[in-house]
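The values are calculated or read from the model by the stated rules, or taken from the named source; none is laboratory data. All of these numbers come straight from a predicted model, not from anything done at the bench. Cβ: placed from backbone, ideal geometry, glycine included. Neighbour counts: every protein chain shown. Protein only, heavy atoms only, side chains kept; ligands, DNA and RNA dropped before computing areas. Shrake-Rupley method; radii C 1.70, N 1.55, O 1.52, S 1.80 Å.
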Amino acid sequence: MRTPARTTVTALAFATAAAVTTAAGPASADVGDFTRTVIAEDAVGPAFTAVGDLVGDARPELVSTRYGKLTMQGPSALPEPGSVTLYENAGRKRGGGVDRWTTTPVVEPSDGIIFPSEPTLADVDRDGDTDIIQPAGYFWDSGMGFSRGSLTWWENRDNPRSVRELLALTTCPRTSRGVAQLKKCLAELREWKRHDVITDSPFSYHDLQFVDFDGDGRKDIVTVGEQGFNPSDTTDDVVELQFLKGDGKGGFAPPVALADGGGSSPVVTDVDGDGDLDIASAQYFGVSPVVVGPPTGEASFVWFERVGTAADGVTASDFEKHEISRGQGPSFSLHRVDNLFGDGEDRWVGVNHTNTTAGNPGPPVFLRAEPDVFLLTPGADPRAPWSVAPLASTVDPGAEFTASPRPGQAAPGKTGFGDIDGDGDLDLAVSGDGAFRLYWIEQTAPGVFAQHVLPESEGWGQAGGAKIADLDHDGNSDLVFSSFEINKVGIWSHTR
Ligand SMILES: [Ca+2]
Ligand SMILES: [Ca+2]
Ligand SMILES: [Ca+2]
Ligand SMILES: [Ca+2]
């Protein structure tokens, strides 16, 4: 869900069309080559889900965000604070499957975090355990006079792994009277501790990169802040690429604007191989949906070349923007995929975010780019435009990214990479987003891809996740999706 804010608010503004119901089936069902397990039913606005090792269990945990309730204020949908939940596998350690999970709140509505989007899991304070960095904010707040965007990180204190955390635990027996007080003291010390990086910002944040961007040995945050202002005006959006210098202990300097533009999921990598870190990004805002005729507006995919040094600080003057390609329309994400074809080479995959379904408001659909996942290939000089081709050479009948005609919907969306079918090569898990179902793109031979609908995913629209991991260590991959449209979080486990 590249622009959950835009799609969501528009969906809700036209809420009469938004009702999607599915009969509640068994929690787990065999479907084709996959078993589907629904682990959250009737969740309030599931948004994004990350996968990582956060607690002592050797199996991965899930960190899943909820946008929470939206209330109508006149014609506008106004979100109430959301939440973030940790899921720990509660099944047996061997053969326990993926259908039993213990949940722990990390962020609760009382924390006042608006629209928590893609969590980044990383050891922010370098004490040995994995913490959660949470970008948040509602894209349309800027047009309603609110400043509720935030970047926060949540300190993992489940297992004391530093001297400081151990010492804190030893204070409980001294300060507590009775077992009940002792338990309460210990429980509070193990709660996720909030740290504010940015609060009350007019920018909304969807995603970020936690990386040492200025080469001082301490990780920093590179992100994109967005403000949508008037929903009916596509030219008034403010999009700012930002750098927040980290001190290595969980503190961050205020954001420095590096550029206007980029998209909500920037990728920090050395694009041109000259030894310094650049930024690559899909762009959504400012990109014309009309791709027939002379080019107008922003490019679909861009990169920002680092041309200066970090010695005098990292600023906008250190970067030069280059177009990767245009003509794919507003776009969702760009990925540099290590060894995608199994030949040792990195490949670039771009995901656009468009709608060519008759009845979708906007310019005539024949003028727009088809929704697709693309292979983007730089030439000898990556500053020149790259070649672009659809990634999948075959698409199952009826498995196109056909988006709902509902206003604000576009496809595809969140995309993950991993070996889904266990044959040793990388495949893709793709959220249809505005196409209200899920997909997987199978690598059938090196560099050859076939697009399929994930079975039993009809209705799973506006889904985050698209994470691929072996959640129960049974040797088969599990795909995780959290769908705003259907209010469910589910796992598709490959079965052979
Ligand atoms: Ca930590
Ligand atoms: Ca740094
Ligand atoms: Ca570079
Ligand atoms: Ca595979």
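With +1 on the Cβ of every Lys and Arg and -1 on the Cβ of every Asp and Glu, and nothing else charged, how large is the dipole of the chain about its Cα centre, in debye rounded to the nearest 20?
1720
Among Asn352, Pro81, Pro231, which residue has its Cα furthest toward the positive end of the charge dipole of the chain, with +1 on Lys/Arg Cβ and -1 on Asp/Glu Cβ?
Value computed over the given set: Pro81.
What is the sum of charges around Asp125, taking Lys and Arg as +1, Asp and Glu as -1, for the other residues whose C-beta is under 12 Å from the C-beta of Asp125?
Result for the local shell: +1.
What accessible area per residue comes out for segment 340-398, rounded to a whole number of Å², with a 1.4 Å probe?
Result: 48 Å² per residue.
Hey, how much of the P(r) for segment 191-259 falls beyond 21 Å, as a percent of Cα pairs?
32
Using 0.36 nm per residue of separation minus the Cα-Cα distance, give me the extension gain between Glu458 and Val179 in nm, one decimal.
Numbers: separation 279, 0.36 × 279 = 100.44 nm, distance 5.02 nm.
Taking Glu458 through Val179 to full extension adds about 95.4 nm, to one decimal.
How large is the accessible surface per residue of segment 33-145, computed with a 1.4 Å probe and reported in Å² as a whole number?
With all protein chains present, segment 33-145 gives 35 Å² per residue.
On the protein heavy atoms, probe 1.4 angstrom, tell me the percent of accessible surface of the chain carried by carbon and sulfur. Before the final figure, lay out each step's value.
Working: 10340 of 19580 Å².
Solvent-exposed carbon and sulfur of the chain make up 53 percent of the total.
Name the longest site-free stretch of the chain, where the excluded sites are GluC sites (Glu not before Pro) in a DSSP loop with no more than 13 other beta-carbon atoms within 10 Å.
Here the longest run is 42-344.
Against the globular-protein guess of 2.2 N^0.38 Å, express the Cα radius of gyration of the chain as a ratio, rounded to two decimals.
Ratio of Cα Rg to 2.2 N^0.38 Å: 0.95.
Please enumerate, by chain and number, the aspartates and glutamates with C-alpha under 14 Å from the C-alpha of Lys69, excluding those fewer than 8 residues away in the same chain.
Once the sequence-local aspartates and glutamates are set aside, what remains near Lys69 is Asp42, Glu80, Glu108, Glu485.
Quick one: Karplus J couplings for segment 272-279, per residue in order, coefficients 6.51, -1.76, 1.60, θ = phi - 60°, nearest Hz, x for Gly and Pro?
These are the phi-based 3J(HN,Hα) values: 9, x, 9, x, 10, 7, 10, 10 Hz.
How big is the Cα convex hull of segment 196-335 in projection, averaged over all directions, in nm²?
8.9
Under the Kirkwood approximation applied to all pairs of distinct alpha-carbon atoms, what is the hydrodynamic radius of segment 435-496 in Å?
Kirkwood radius, segment 435-496: 12.4 Å.
How fast does segment 363-496 diffuse by Stokes-Einstein, in µm²/s, taking the Kirkwood radius from C-alpha pairs at 10 °C and 1.306 mPa s?
The calculation lands on 101 µm²/s.
Can you list the lysines whose alpha carbon sits under 22 Å from that of Lys219, skipping same-chain ones fewer than 8 residues off?
Lys193, Lys245, Lys249
Over all pairs of distinct alpha carbons, what does the Kirkwood formula give as the hydrodynamic radius of segment 129-247, in Å?
Hydrodynamic radius (Kirkwood, Cα only) of segment 129-247 equals 16.9 Å.
Determine the equivalent ellipsoid of segment 272-355 by diagonalising the alpha-carbon gyration tensor, then write out the semi-axes as square roots of 5 times the eigenvalues, largest first, rounded to whole Å.
25, 20, 9
Give me D for segment 268-414 in µm² s⁻¹, whole number, from Stokes-Einstein with Rh from the Kirkwood sum over alpha-carbon pairs, 10 °C and 1.306 mPa s.
Details: Rh = 16.4 Å.
The calculation lands on 97 µm²/s.
Can you give the alpha-carbon Rg of segment 369-426 over 2.2 N^0.38 Å, where N counts its residues?
Details: Rg = 15.0 Å, N = 58, 2.2 N^0.38 = 10.3 Å.
With N residues counted in segment 369-426, Rg over 2.2 N^0.38 Å equals 1.45.
What percent of all Cα-Cα pairs in segment 97-187 falls into each 5 Å bin, going from 0 up to the bin containing the maximum distance?
2, 11, 15, 15, 16, 16, 11, 7, 4, 2, 0
Please get the size of the charge dipole for segment 345-455, origin at its Cα centre, with Cβ charges of +1 on Lys and Arg and -1 on Asp and Glu, quoted in debye to the nearest 20.
That gives a dipole near 640 debye.
Run the numbers on the chain and let me know its relative contact order in percent, using alpha-carbon pairs under 8 Å that are six or more apart.
14
Using only the alpha-carbon atoms of segment 335-402 as identical scatterers, what base-10 log of I(q)/I(0) does the Debye formula give at q = 0.14, 0.19, 0.21, 0.28 Å⁻¹?
For the requested q values the scattering log ratios are -0.57, -0.88, -0.98, -1.25.
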